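Q: Right, I'll just put the structure down here and ask away after.
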Amino acid sequence: MFAFKLVNVGVAKRTFSSSATVANGVKVAVLGAAGGIGQPLSLLLKHNKSISHLSLYDIVNTPGVAADISHINTASKVTGYVRENDGLKLALTDSDVIVIPAGVPRKPGMTRDDLFNTNAGIVKELAVAAAEFAPKAIMTVISNPVNSTVPIISEVYKKYNIYDPRRILGITTLDVVRASRFVSELKGTDPSNEKVTVVGGHSGVTIIPLLSQTGHTFTDEELKTLTHRIQFGGDEVVKAKAGTGSATLSMAYAASCFVDSLLRAMVKGEKGIIEPSYVKSNLFNSDNIEYFASNVELSAEGVGKVHPLGKLSAYEKDLLAAALPELKKNIAKGAEFVANSK
Ligand code: NAD
Ligand code: LMR
């Protein structure tokens with residue numbers, strides 16, 4: 001049941017000092033914390049010194065995961081909740097950042113959009129709870145299809161009258177992590193020095209790597225092969241896992257990097273922290289595309305500045321042209337799901 005409550009919320013005000021420590025760090029809630037991504041992500045976040053409270057929620061197994069992680073000798077507090085006894089409310093209350101890796105993963109032969117029927121409902125339920133119990137938190141989502149789950153959260157927040165587009169970010173960092181690794185394999189370079197901007201969305205042809213901006217030259221054949229591998233890197237893992245799931249460990253790594261960047265901007269007030277993310281964007285207003293992934297400068301409110309794409313090659317312009325209609329469909333599907341929900 002989709003019940004609407006009035007909540008009293010203004011634009012989030014943050015009071016973090018530039019010398020914040022664990023003692024005055026942030027509360028991060030991981031929703032779906034007992035899953036394939038949730039567990040290693042929670043483990044990695046336990047090492048983040050900006051986090052004072054790691055709040056783990058899942059419909060199953062969270063007490064065990066939380067007890068286990070809580071023994072790690074870093075200073076943050078760890079709590080674990082399941083649905084019973086107001087678990088979701090307790091997990092979310094006073095959270096500064098929410099990360100959602102809840103939902104089913106793909107099996108071979110599926111697209112991310114095939115997950116919509118199950119994951120849309122899960123994400124909507126969690127967005128409703130976040131709107132009620134942590135309306136000022138910065139909401140970040142991993143659950144697929146990201147192209148549609150970000151619009152779902154946005155539409156829920158609009159219904160609750162708490163919508164601030166700066167505070168909702170779809171995590172597309174894995175595409176960037178993969179792209180830099182694949183380029184470094186091809187060029188024999190250190191992947192940590194390879195900065196590849198990936199824009200668009202997070203599924204198949206909507207993933208657009210801007211390889212012309214890497215400073216490398218590629219043959220046409222290399223460009224085609226590399227682009228395809230970046231666009232379908234997720235499928236590579238799904239196929240290799242043979243029915244047991246999709247990327248979990250590389251995703252946990254990517255999400256922990258993303259959260260760390262966000263916390264550096266939020267807690268430490270660092271400027272110029274950029275992560276490509278799927279956010280509300282004006283870049284393709286003229287095509288009626290409301291959400292788009294591009295380089296985003298992070299801030300205390302989440303999205304600071306959405307950067308333009310920069311110069312595209314002819315090949316990248318073609319990729320963009322192929323991505324936009326698919327993205328538009330995915331966005332509309334998410335928005336319609338909430339509009340048609342009770
Ligand atoms: P998983 O099945 O291993 O874990 C999902 C967890 O969600 C489970 O523990 C499950 O109990 C929990 N869950 C289900 N319903 C819930 C609810 N209503 N509330 C709270 N928790 C709930 O799956 P996974 O491999 O961890 O993948 C999770 C999601 O992340 C999938 O949708 C997958 O497609 C997506 N994913 C996204 C990216 C990305 O780049 N954004 C990368 C990898 C995976
Ligand atoms: C990925 O890119 O690995 C994730 O989106 C999971 C998937 O379904 O491929």
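Rule-based calculations on the coordinates, nothing more; no lab input. No experiment lies behind these values; they were computed from the predicted model shown. Because the Cβ atoms are built from the backbone with ideal geometry, glycine has one as well, and the counts that use them run over all protein chains shown.
Q: Could you put ARG264, ARG112 in order, starting from the residue whose Cβ has the fewest other Cβ atoms within 10 Å?
A: By the 10 Å Cβ count, ascending: ARG264, ARG112.
Q: Find the lysine pairs in the stretch 191-323 meeting two conditions, Cα atoms under 18 Å apart and a separation of 8 or more places or different chains, and report how many there are.
A: Count of close lysine pairs: 5.
Q: Next up: Counting other beta carbons within 10 Å of each residue's own, what order do LEU126, LEU309 fall into, fewest first?
A: Going from least to most buried by this count: LEU309, LEU126.
Q: If exposed chymotrypsin sites (Phe, Trp or Tyr not before Pro) are those in a DSSP loop with at most 12 other Cβ within 10 Å, what is the longest stretch of the chain that has none?
A: That would be 5-342.
Q: Return the calculated 222 nm mean residue ellipticity for the chain, to the nearest 500 deg cm²/dmol, obtained by summing -39500 (n - 2.57) across DSSP H runs with n ≥ 4 and dividing by the residue count.
A: -12500 deg cm²/dmol
Q: Within the stretch 269-341, which trypsin sites (Lys or Arg not before Pro) sit in a loop by DSSP and count at most 16 neighbouring Cβ atoms inside 10 Å?
A: Loop-located and lightly packed - LYS271, LYS311.
Q: Further, regarding this structure: Binned at 20 Å from 0, what are the whole-percent values of the Cα-Cα distance distribution for the chain, short to long?
A: Calculated over all Cα pairs of the chain, the distribution is 32, 60, 8 percent.
Q: Run the reach check for LYS107 against aspartates and glutamates, Cα to Cα strictly under 12 Å, same-chain hits fewer than 8 apart removed. What comes back?
A: ASP235, GLU236
Q: Further question on the same structure: What is the spread of the Cα atoms of the stretch 117-270 along each of their three principal axes, largest first, in whole Å?
A: 51, 41, 24
Q: Would you mind checking which residues have amide H under 5 Å from GLY25's amide H? H placed 1.01 Å from N; only 5 or more apart, or other chain.
A: SER52
Q: Check which residues have an amide H placed less than 5 Å from ALA33's amide H, if you skip close sequence neighbours.
A: Amide H neighbours of ALA33: TYR57, ASP58.
Q: To make sure I understand, if each residue's beta carbon is the centre and we count other beta carbons within 10 Å, what order do SER261, SER154, SER148 fall in, fewest to most?
A: The most exposed by this proxy come first: SER261, SER154, SER148.
Q: Enumerate by residue number the GluC sites (Glu not before Pro) in the stretch 28-133 meeting two conditions: DSSP loop (anything except H, G, I, E, B), and at most 13 other Cβ atoms within 10 Å of the site's Cβ.
A: Those satisfying the criteria are GLU84.
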